[in-house]
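The values are calculated or read from the model by the stated rules, or taken from the named source; none is laboratory data. Worth saying up front: this structure is predicted, and the values here are computed from it rather than measured. Because the Cβ atoms are built from the backbone with ideal geometry, glycine has one as well, and the counts that use them run over all protein chains shown. In case anyone asks, the SASA skips ligands and DNA or RNA and just uses the protein heavy atoms, side chains included. Shrake-Rupley method; radii C 1.70, N 1.55, O 1.52, S 1.80 Å.
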Amino acid sequence: MHYEVEGPQNGTPMLMLHGFGCQLELMRGCMEPTIEAAGMKEMVLRVYVDLPGHGRSNDAPLSLASSDAILNESLAVMDKIAPDKEFAVVGQSYGGYIALGMMAACPERLLGSALICPLTVDNLEERRTEEGRAIQKDEAFLSTLTDAERESFLQNAVRADRETWVRFRDEEAPGFANANPSFLDAVDRSFPLTHGASEFLEGPDFDKPSLVVCGRQDSMVGYLDQSRLLPKLTRGTMAVLDIAGHNLQFEQPGLFCALMSEWLQRL
């Protein structure tokens with residue numbers, strides 16, 4: 001599995017897990033500015049991965065095409081980078097689901113968790129989502145995009161302007177082009193984690209510093225399912241942000257940075 005490392009070897013290890021069909025640029029784009037703003041670039045060892053079937057790991061064998069295998073491969077990276085060390089995990093969307101699996105299966109390995117618009121159900125059909133619509137639109141800017149660019153961008157956009165387009169183009173869209181469709185289809189057929197959302201909700205409380213940030217207009221995973229996690233997160237903060245969808249980190253960057261920085265300080 002491809003991974004890239006930033007920061008000092010003796011820093012606090014932190015695993016960054018992107019969403020389904022994306023690649024590591026999605027996490028680097030939101031976490032590097034946040035860690036710098038928090039003054040912690042020389043304190044955190046950041047491990048950005050391209051999950052199997054994604055990005056530079058798109059040639060992964062189909063034997064890894066399940067959520068269980070992806071979780072195990074992600075843990076194996078941390079065994080290599082920071083052997084015998086606890087680590088923090090940050091996951092977006094599907095990456096948040098994998099992080100939640102770690103919280104259920106091996107909480108003793110974690111220093112804390114931050115979940116960005118996470119998927120928090122084991123059965124995709126049980127998702128409670130919100131209506132997808134753009135609340136703030138810069139029509140003059142949108143008219144400069146091609147029809148294909150505009151259609152792709154507006155599929156999940158709640159705030160649609162030049163700033164959010166540039167981040168979508170540079171951080172999210174490359175993953176769509178590089179992901180392996182056959183691999184992703186195979187993951188869909190072996191999707192639920194053995195130790196997943198249901199086990200987490202039924203198991204012990206998670207007593208490490210945690211954060212859950214959701215978009216009020218998230219049409220992919222919503223925010224209602226995520227609210228079920230809060231009673232289990234005894235050191236948890238949860239925020240639901242207005243004018244934010246599944247690309248929350250693009251659409252509310254100031255609030256995202258403030259919430260994530262506060263979590264970093266709690267680790």
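With respect to ARG28, determine if the residue is touching a Phe, Trp or Tyr at 6+ places or on another chain (Cβ under 7 Å), assigned to a helix (DSSP H, G or I) and open to solvent by 10 Å² or more (accessible area, probe 1.4 Å).
It is true that ARG28 is touching a Phe, Trp or Tyr at 6+ places or on another chain (Cβ under 7 Å), assigned to a helix (DSSP H, G or I) and open to solvent by 10 Å² or more (accessible area, probe 1.4 Å).
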Can you name every residue in region 1-25 that is within 15 Å of the chain's Cα centre (by Cα) and in a strand (DSSP E or B)?
MET14, LEU15, MET16, LEU17
Please verify whether region 173-180 includes one or more residues that are of a type outside the set (Val, Ile, Thr), open to solvent by 10 Å² or more (accessible area, probe 1.4 Å) and farther than 18 Å from MET27 by Cβ.
yes
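Any residue at all in region 11-21 that is in contact (Cβ under 8 Å) with a residue 24 or more places away in the chain, over 27 Å from ALA65 (Cα atoms) and out of contact with any Phe, Trp or Tyr (no Cβ under 8 Å at 6 or more places or on another chain)? Even if it seems obvious, please write down each step before you answer.
Going residue by residue through region 11-21, those that are in contact (Cβ under 8 Å) with a residue 24 or more places away in the chain are 11-21.
Add one more test, that the residue is over 27 Å from ALA65 (Cα atoms), and what stays is 11-12.
Right, trim to out of contact with any Phe, Trp or Tyr (no Cβ under 8 Å at 6 or more places or on another chain) and you get 11.
Yes, because at least one residue in region 11-21 is in contact (Cβ under 8 Å) with a residue 24 or more places away in the chain, over 27 Å from ALA65 (Cα atoms) and out of contact with any Phe, Trp or Tyr (no Cβ under 8 Å at 6 or more places or on another chain).
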Among the residues of region 121-139, count how many are over 30 Å from GLU202 (Cα atoms) and either open to solvent by less than 70 Å² (accessible area, probe 1.4 Å) or in a loop (DSSP other than H, G, I, E, B) (or both).
5
State which residue pairs qualify: first residue within 10 Å of CYS22 (Cα to Cα) and inside region 155-180, second residue open to solvent by 40 Å² or more (accessible area, probe 1.4 Å) and not in a helix (DSSP H, G or I) in any location, beta carbons under 6 Å apart, and separation of 6 or more residues or different chains.
ASN178/ASN58
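Kindly evaluate ILE35 against the criterion of being touching a residue at least 24 places away in the same chain (Cβ under 8 Å), crowded, with 20+ Cβ neighbours inside 10 Å, assigned to a helix (DSSP H, G or I) and out of contact with any Pro (no Cβ under 9 Å at 6 or more places or on another chain). Let's see the steps before the verdict.
Working: touching a residue at least 24 places away in the same chain (Cβ under 8 Å): yes; crowded, with 20+ Cβ neighbours inside 10 Å: yes; assigned to a helix (DSSP H, G or I): yes; out of contact with any Pro (no Cβ under 9 Å at 6 or more places or on another chain): yes.
Taking the combined requirement at face value, the residue satisfies it.
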Out of (1) surrounded by fewer than 16 Cβ atoms within 10 Å (Cβ to Cβ); (2) among the hydrophobic types (A, V, I, L, M, F, W, C); (3) out of contact with any strand residue (DSSP E or B) (no Cβ under 6 Å at 6 or more places or on another chain); (4) free of Cβ contacts under 8 Å to residues at least 60 places away in the same chain, the odd one out for LEU230 is which?
(3)
Pairs needed: first member in region 187-198, more than 18 Å from HIS54 (Cα to Cα) and open to solvent by 50 Å² or more (accessible area, probe 1.4 Å); second member anywhere, assigned to a loop (DSSP other than H, G, I, E, B) and among the polar types (S, T, N, Q); C-beta distance under 7 Å; at least 6 residues apart or different chains.
PRO192/ASN123
Quick one: which residue in GLU202, GLU251 is over 25 Å from GLU130 (Cα atoms) and among the charged types (D, E, K, R)?
GLU202
For region 68-104, how many residues meet the condition of being surrounded by fewer than 20 Cβ atoms within 10 Å (Cβ to Cβ) and under 21 Å from ARG189 (Cβ atoms)?
4
Right, LYS41: over 19 Å from ASN178 (Cβ atoms), outside any loop (DSSP other than H, G, I, E, B) and of a type in the set (Lys, Arg) or not?
no
Residues being over 12 Å from THR237 (Cβ atoms), open to solvent by less than 40 Å² (accessible area, probe 1.4 Å), part of a loop (DSSP other than H, G, I, E, B) and not acidic (Asp, Glu) - total across region 208-223
4
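Tell me the residue from PHE256, PHE168, PHE183 that is open to solvent by less than 40 Å² (accessible area, probe 1.4 Å) and within 25 Å of SER66 (Cβ to Cβ), please.
On the way: PHE256 fails: within 25 Å of SER66 (Cβ to Cβ); PHE168 fails: within 25 Å of SER66 (Cβ to Cβ).
Only one candidate passes the filter, namely PHE183.
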In region 165-200, which residues are farther than 16 Å from ILE98 by Cβ, among the polar types (S, T, N, Q) and in contact with a helix residue (DSSP H, G or I) (Cβ under 6 Å, 6 or more places away or on another chain)?
ASN178
